[in-house]
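Have a look at the structure below before the remarks.
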Amino acid sequence: MRRLPPLPQRAAAAAASASPSPSPSTSTPDLVAELGRVLSTRRWNKGRAYKRLAPSVTPALVADLFRAPSAAPDPATALAFFDWVARRQGFRHTAASHAALLHLLSRWRSPARYEPLVFSMFGCARTAEDARASADALRAICRTGAARHALSPACYNFALRSLARFDMTEEMERVYSQLVGDGLLPDTKTYNAMIKSYCKEGDLPKAHRYFKLLLECGLEPDTFTCNALVLGYCRAGNIRRACWLLLMMPLVGCQRNEYSYTILIQGLCEARRVREALVLFLMMRADGCSPNSHTYKFLISGLCKEGRVADARMLLDEMSRGGVAPSVITYNAMIVGYCKAGRMQDALGIKELMEGNGCRPDDWTYGTLIHGLCDGKMDEAEQLLDSAVKGGFTPTVVTFTNLIDGYCKAERIDDALRVKNNMMLSKCKLDIHVYGKLINSLIKKDRSKEAKELLAEISATGLVPNVFTYTSVIDGFCKIGKVDFALEVLKMMERDDCQPNAWTYNSLMYGLIQDKKLHNAMALITKMQKDGITPDVITYTTLVQGQCNQHEFDNAFRLLEMMEQNGLTPDDQLHAVLTGALCKAGRAEEAYSFLVRKGVALTKILYTILIDGFSKAGKSDIAATLIDSMIGEGCTPDSYTYSVLLHALCKQKKLQEALPILDQMTQRGIKCTIFAYTTLINEMLREGKHDHAKRMYDEMVSSGHKPSATTYTVFINSYCKEGRVEEAENLIVEMEREGVARDAVTYNTFIDGCGNMGYIDRAFHTLKRMMDASCEPDYASYCILLKHLLKENFNFHYVDTSGMWNFIELDTVWQFLERMSKHGLNPTITTYSSLIAGFCKANRIEEACVLFDHMCCKDIPPNEEIYKLLIKCCCDTKSFEKASSFVHNMIQHRFQPHLESYQLLILGLCNEGEFEKAKSLFCDLLELGYNHDEVAWKILNDGLLKGGYVDICSQMLSTMENKHCSISSQTHAMVTNGLHEASGSLVGELQGEAL
């Protein structure tokens, strides 16, 4: 005889604590009260009152009536009304109306036929809320004891299966507890429902508990039981156990069916074990089980995820031959596979196939296809969308977002904005992600005004930009050199109480450094720390790069030390930045020593940088040794490594040594870069080997390289030196035709060539072409033109551009500006900056100041670089008052003077004995927001201490402390140690003199 199973503890507790949760009322109290009065009459269904109310009777009204304390009818009337209204055409009771009736009957403890009502109630459950209300009603009748003799195990099992549809395991445990509490014996179907429910959740311990109860009750597991456990093992990730159970099923008397195999095939595919799933697919047929649409669906999806779309397509075709109709999900899996493989035509072919087989594409189908087409086929994507809309498809936020994203990637920003407007017209709200994409695309197109307007629109629509949105916009502005706009966005960010993060600050630092505002970037690290954000490796790497750009290597190493003291480990990128900067400055040995001292393992990039550095320093033997070491350590040199070696050899006029290296590259299967080809061509042309250069050029083109601007320039340079100006100009025209952007070097080379031939007007005409092409002339451009103007005016055969600033007169400069005007050229800030730079290099401050006044009269505001040049020239010529006035002018025009300018001026004032002025100037700079560590490095340590002004340095350090200008412990130790060493040296000198 079967024993009554014990209640699981959790189920028992749940059953004890459960209480009905009444649904909210949906009808008016007056209507409920009136219907209650009508039903209280004897012949309620015959009277006019009910006929008048009948159109208003809905399942919700019925439920509210039965729940109403005062209006509810007696059990007999309630049952009669429930049955009578159910027969009305078009009326269907809901789970809520059933539950309300059962609650009413339980309150009256009415001896009714509960079982049909319970079956019908759970059968009407369409949502989880319906199922929960049904379970509450079931508990209500159980509490009265009415269910003890009224409900069968089959009724409870039906309730369990209904709850299982909504994964309501807690409610299922309560129902199971009621079944046992009513003295009924659970059967195999009861346990199967419980086991499968927990297996779906992957909760094997609970599933095993009910499986054990099944065995303890003397019941035999069936195929359904085993299938449920196979599912449970798959969901728990124990595929091995699932396979074992499938193999053991016949041994325990459970016949495997197509569901057994399909469940395990799904588990294997989801575990990316498709090969084993295919083996099981073959076993399935041998076992007499026919694959169903779900079997194929899981296999096709699994194959597509692994990129095996050809195999997936074979299975899809097999389905049709075997008479198994693919579902829309199966077709969609195939479409996803083709889209991921970039085979959009095949994906669209699947759509046509499914339509031809009578399977209508759903929203997922269209969404996937549109998303796939948005990767480069935007016009087709829009055409498909139009077709889908005509077929009843409603575009979603995701659809519009994919289109906008696709147009942004294709740099078709106007189309993206059009889709954005359509999206808003269709009542689809743009999210922050879409706005971010549009804003960054506008920034890349240099449409900054529209980008800022769109950023303002975000707040107007009620959205709140997050730190990611703001930072991506800041990053975008910084990358295109619009750091001022980025700083405006930072202000908006702070106004909206959006806290910047490390990425925000790192992006701003990068932008400021690119804009040559290193001190502003350094100041951000102080602000960053005040905001509670810890600088990371990227922060320090960015600042180290900035210091290296200014050749401030001491400061770069100080930053490195500060970084390490703060517990951060430099990465390969930082090592590459420092090593590369030192090598470019001709300090390759120092770079190598630094890496060895730090115990840095040399990577391919570091090897290449060092090889480049030693090669350019003329130490090809060390460079060759490094290549051997590189190969010996299993670090294969790449095309760039060889390119730098070739370049160095050519610079040293060692073409014959460079050419065998090209052969080595070919033997090792390393493709020569366009940079290497151009370097060799340039050296061949320099040596007059034009035929060799032409053959090398042909080899470069045949290898798939398109000539770069540099390649064209070396030929232009060669033609110009030979006086073949027409051929050189033809190459410039060819560059334009081939879409190769001409750079300043290209134009400067041709301008110089024209000048050498005496074609001065042609040279100025080329300058105009240069500016019309949005290529900004540089210092070299103006020096070349001035050089040839001097040659023309004074009949010189040769003028050295580096020395001409010592004797060139302002009259020549005015003549130069007039010639520019004659050719329709207006002087720019770069024009004046170049002219002022020339005079400042020759320490001709008076002429530089005349040009400064001239540009101001032309309403061309000077930039920071011009001020820096003038201040340095003033200090070099000991015009300290004038230098001070330029510093004040900078500050008035909201520029931040360079610390180098302050260093020169303060040190110069000290040299002149103007210590009070120096201290006053130092106090002023402390109020300008500089990074205090950098101030101490530049002014105190590298300026005053090295200049021998120990007392002044000590006083200024005290001033910093008094003004609460905090510096790091490393910086403080560096300055104080410097003061002690300098004081000791001074004392030693004095003692020596005394002796």
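Numbers for the structure displayed
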{"item": "Any pair with Cβ under 6 angstrom, 6 or more apart, that starts in region 600-615 at a residue that is of a type in the set (Ser, Thr, Tyr) and ends at one that is modelled with pLDDT of 90 or more", "result": "Thr603/Asp572"}
{"item": "Residue that is closer than 27 Å to Arg143 by Cβ and not assigned by TED's automatic domain parsing to the domain that holds Leu138, where the choices are Met172, Met194, Met168", "result": "Met194"}
{"item": "Number of the exception - Asp167 against (1) under 24 Å from Arg126 (Cβ atoms); (2) part of a helix (DSSP H, G or I); (3) not aliphatic (A, V, I, L, M)", "result": "(2)"}
{"item": "Whichever residue in region 650-691 is part of a helix (DSSP H, G or I) and acidic (Asp, Glu) and, among such residues, is farthest from His705 (Cα to Cα)", "result": "Glu657"}
{"item": "Test: residue in region 725-739 that is outside any loop (DSSP other than H, G, I, E, B), more than 30 Å from His797 (Cα to Cα) and in contact with a His (Cβ under 9 Å, 6 or more places away or on another chain)", "result": "no"}
{"item": "Residue in region 314-351 that is nearest to Met378 (Cα to Cα), counting only those that are small (Gly, Ala, Ser) and outside any helix (DSSP H, G or I)", "result": "Gly342"}
{"item": "Checklist (1) in contact with a helix residue (DSSP H, G or I) (Cβ under 9 Å, 6 or more places away or on another chain); (2) closer than 27 Å to Ala973 by Cα; (3) of a type in the set (Gly, Ala, Ser) applied to Ser629, failing item", "result": "(2)"}
{"item": "Single residue of Arg695, Arg737 found to be closer than 19 Å to Asp772 by Cβ, exposed (fewer than 14 other Cβ atoms within 10 Å of the Cβ) and basic (Lys, Arg)", "result": "Arg737"}
{"item": "Considering residues of region 270-313 that are of a type in the set (Asp, Glu) and assigned to a helix (DSSP H, G or I) only, the residue surrounded by the fewest Cβ atoms within 10 Å (Cβ to Cβ)", "result": "Glu276"}
{"item": "Every residue from region 377-394 that is in contact with a helix residue (DSSP H, G or I) (Cβ under 8 Å, 6 or more places away or on another chain) and basic (Lys, Arg)", "result": "Lys377"}
{"item": "Residue in region 237-257 that is outside any loop (DSSP other than H, G, I, E, B), within 30 Å of Arg360 (Cβ to Cβ) and either modelled with pLDDT of 90 or more or in the same structural domain as Lys351 (by TED's automatic domain parsing) (or both) present", "result": "no"}
{"item": "Single unsatisfied condition, Glu846 versus (1) surrounded by fewer than 18 Cβ atoms within 10 Å (Cβ to Cβ); (2) touching a Phe, Trp or Tyr at 6+ places or on another chain (Cβ under 8 Å); (3) within 30 Å of Phe880 (Cβ to Cβ)", "result": "(2)"}
{"item": "Verdict on Val389 being modelled with pLDDT under 85 and over 22 Å from the mean Cα position of the chain (by Cα)", "result": "yes"}
{"item": "Trp814 vs. criteria at pLDDT 95 or above and among the aromatic types (Phe, Trp, Tyr)", "result": "yes"}
{"item": "Candidates Phe614, Phe594, Phe557 - the one that is assigned to a helix (DSSP H, G or I), of a type outside the set (Val, Ile, Thr) and crowded, with 22+ Cβ neighbours inside 10 Å", "result": "Phe614"}
{"item": "Any hit, region 870-880, residues being under 50 Å from the mean Cα position of the chain (by Cα), of a type in the set (S, T, N, Q) and within 30 Å of Asn520 (Cβ to Cβ)", "result": "no"}
{"item": "Conditions (1) at pLDDT below 85; (2) in a helix (DSSP H, G or I); (3) assigned by TED's automatic domain parsing to the domain that holds Val180; (4) not polar (S, T, N, Q); number of the one not met by Leu117", "result": "(1)"}
{"item": "Residue in region 135-145 that is touching a helix residue (DSSP H, G or I) at 6+ places or on another chain (Cβ under 6 Å) and surrounded by fewer than 20 Cβ atoms within 10 Å (Cβ to Cβ) present", "result": "yes"}
{"item": "Among the residues listed as Thr746, Thr710, the single one being within 40 Å of the chain's Cα centre (by Cα), hydroxyl-bearing (Ser, Thr, Tyr) and within 27 Å of Leu790 (Cβ to Cβ)", "result": "Thr746"}
{"item": "Number of positions in region 899-910 that are surrounded by fewer than 23 Cβ atoms within 10 Å (Cβ to Cβ) and closer than 17 Å to Glu864 by Cβ", "result": "3"}
{"item": "Unmet requirement for Val328, which otherwise passes all of (1) modelled with pLDDT of 90 or more; (2) over 24 Å from Pro291 (Cβ atoms); (3) surrounded by fewer than 22 Cβ atoms within 10 Å (Cβ to Cβ)", "result": "(2)"}
{"item": "Positions within region 766-821 being part of a loop (DSSP other than H, G, I, E, B), surrounded by 13 or more Cβ atoms within 10 Å (Cβ to Cβ) and among the polar types (S, T, N, Q), in sequence order", "result": "Thr801"}
{"item": "Given (1) acidic (Asp, Glu); (2) outside the structural domain of Ala973 (by TED's automatic domain parsing); (3) buried (at least 19 other Cβ atoms within 10 Å of the Cβ), number of the condition Glu881 does not satisfy", "result": "(3)"}
{"item": "Residue satisfying condition, being in contact (Cβ under 8 Å) with a residue 24 or more places away in the chain and within 20 Å of Arg558 (Cβ to Cβ), within set Ser966, Ser879", "result": "Ser966"}
{"item": "Output for region 352-379, where each listed residue is touching a residue at least 12 places away in the same chain (Cβ under 8 Å), in a helix (DSSP H, G or I) and under 17 Å from Pro395 (Cβ atoms)", "result": "Asp363, Trp364, Thr365, Tyr366, Gly367, Thr368, Leu369, Ile370, His371, Gly372, Leu373, Met378"}
{"item": "Selection from region 964-990 of residues that are modelled with pLDDT of 90 or more and either in contact with a strand residue (DSSP E or B) (Cβ under 9 Å, 6 or more places away or on another chain) or more than 23 Å from Gln565 (Cα to Cα) (or both)", "result": "none"}
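Residues are listed down the side, and each one gets a yes or a no for (1) at pLDDT 95 or above; (2) out of contact with any Lys or Arg (no Cβ under 9 Å at 6 or more places or on another chain); (3) within 29 Å of Lys530 (Cα to Cα); (4) hydrophobic (A, V, I, L, M, F, W, C):
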position	(1), (2), (3), (4)
Gln896	no, no, yes, no
Leu928	no, yes, yes, yes
Asp933	no, no, yes, no
Gly948	no, yes, no, no
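The values are calculated or read from the model by the stated rules, or taken from the named source; none is laboratory data. Quantities reported herein were computed from a predicted structural model and do not represent experimental measurements. So basically every Cβ, Gly included, is an ideal-geometry build from the backbone, and we count neighbours across all protein chains shown.
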